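Asks: Take a look at this one; I'll ask things after.
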Amino acid sequence: MKKVLFLIVLLIGINSWTQKLTCDDFKIGTFYIPTTEEINKYRIEANDSIAEMIQKRDLSIKKWIVVRDKNTQIEWTNGIGNGKPEYEIIEWLDDCTYRLTYDATKSKLNDEKKWVNDNNGIVVTKTKIENNCMSYRATMTTKDGQKISQNGIICK
């Protein structure tokens, strides 16, 4: 009986030490976005139709490193200092939702990044938090009303 009570107390203690992450834990710091099958899929909603597009995966990319301050972030491919970083501006819409646009003051934007900015950026919304990762849905609504969305994960 003493062993059972000891085990229960131990489990309660361990559970109280485990960290329950919130959206605030993903606002500032260094994170990584792993490559997953989901991240290659895009859902496209236009008028009354829904289509799915699967982007061919670049096998050289294993993960993205995200260095985030409250209102900016820098994304690196496969590690900090590896290649050319992407500079982005974060506009927080609520505690768990933000809009990302590319920062034209930090680097020259290609046509794709200009198009994202011209269409009011990408809105990222938390779908759930498990362990040390936050699942999200990134959605861009184009000027003609088309919605392009992607699911992903960002981890501490």
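Asks: Using the alpha-carbon atoms, what tilt in degrees (0 to 90, nearest 10) does helix 2-17 show relative to the longest principal axis of the chain?
Replies: Long axis of 2-17 versus the principal axis of the chain: about 30 degrees.
Asks: Could you please tell me the mean projected area of the C-alpha convex hull for segment 34-88, averaged over all directions and given in square nanometres to one decimal?
Replies: Values: hull surface 21.2 nm².
Over all viewing directions, segment 34-88 projects a mean Cα-hull area of 5.3 nm².
Asks: Counting only protein heavy atoms and a 1.4 Å probe, tell me what percentage of segment 30-123's accessible area is made up of carbon and sulfur. Numbers along the way, then the final one.
Replies: Values: 3000 of 6120 Å².
On segment 30-123, the fraction of accessible area on carbon and sulfur atoms equals 49 percent.
Asks: Continuing with this model, one more query. Report the local net charge at Thr22: Lys and Arg +1, Asp and Glu -1, summed over other residues whose C-beta lies under 14 Å from its C-beta. Each step should come with its number before you reach the end.
Replies: Details: positive: Lys20, Lys27, Lys126, Lys128, Lys156; negative: Asp24, Asp25, Asp94, Asp95, Glu130.
The answer is 0.
Asks: Let me ask something else. At 1.4 Å probe size, with every protein chain present, just tell me what the per residue accessible area of the chain comes to in Å². Please list the in-between numbers first.
Replies: Details: 10500 Å² over 156 residues.
Counting only protein heavy atoms, the per-residue value for the chain is 67 Å².
Asks: Give me the percent relative contact order of segment 19-156, please, defined on Cα pairs under 8 angstrom at least 6 residues apart. Don't skip to the answer; put the middle values down first.
Replies: Values: 286 pairs, mean separation 35.0, N = 138.
Once normalised by length, the contact order is 25 percent.
Asks: Right, next: Test of understanding: in a Gaussian network model of the chain with alpha carbons linked when under 10 Å, which of Asn78, Asn131, Asn110 would top the mean-square fluctuation ranking?
Replies: It is Asn110.
Asks: Separate question: For the chain, give the magnitude of the charge dipole about the Cα centre (Cβ charges: +1 Lys/Arg, -1 Asp/Glu; no others), in debye to the nearest 20. Please list the in-between numbers first.
Replies: On the way: 24 positive and 21 negative charges, 135 e Å.
Magnitude of the dipole: close to 640 debye.
Asks: Oh, and also: Can you compute the FRET efficiency between Ser49 and Asn110 using 1/(1 + (r/R0)^6), with r the Cβ-Cβ distance and R0 = 30 Å? Round to the nearest 0.05. If you can, show how the numbers build up before the last one.
Replies: Working: r = 28 Å, r/R0 = 0.95.
Efficiency, rounded to the nearest 0.05: 0.60.
Asks: OK, next. Which shape class, rounded, prolate or oblate, goes with segment 55-156 when its Cα gyration tensor gives a ≥ b ≥ c as root eigenvalues, a/c under 1.5 marks rounded, and past that a/b bigger than b/c marks prolate? Walk me through the numbers before you get to the answer.
Replies: Details: a/c = 1.32, a/b = 1.05, b/c = 1.26.
It comes out rounded by the Cα gyration axes.
The values are calculated or read from the model by the stated rules, or taken from the named source; none is laboratory data. On a predicted model such as this, the values are computed, not experimentally measured, just so you know. Methodologically, a virtual Cβ is constructed for each residue, glycine included, from the backbone with ideal geometry; neighbour enumeration extends over all protein chains shown. Note: accessible area is taken over every heavy atom of the protein model, side chains too, but ligands, DNA and RNA are not part of it. Shrake-Rupley method; radii C 1.70, N 1.55, O 1.52, S 1.80 Å.
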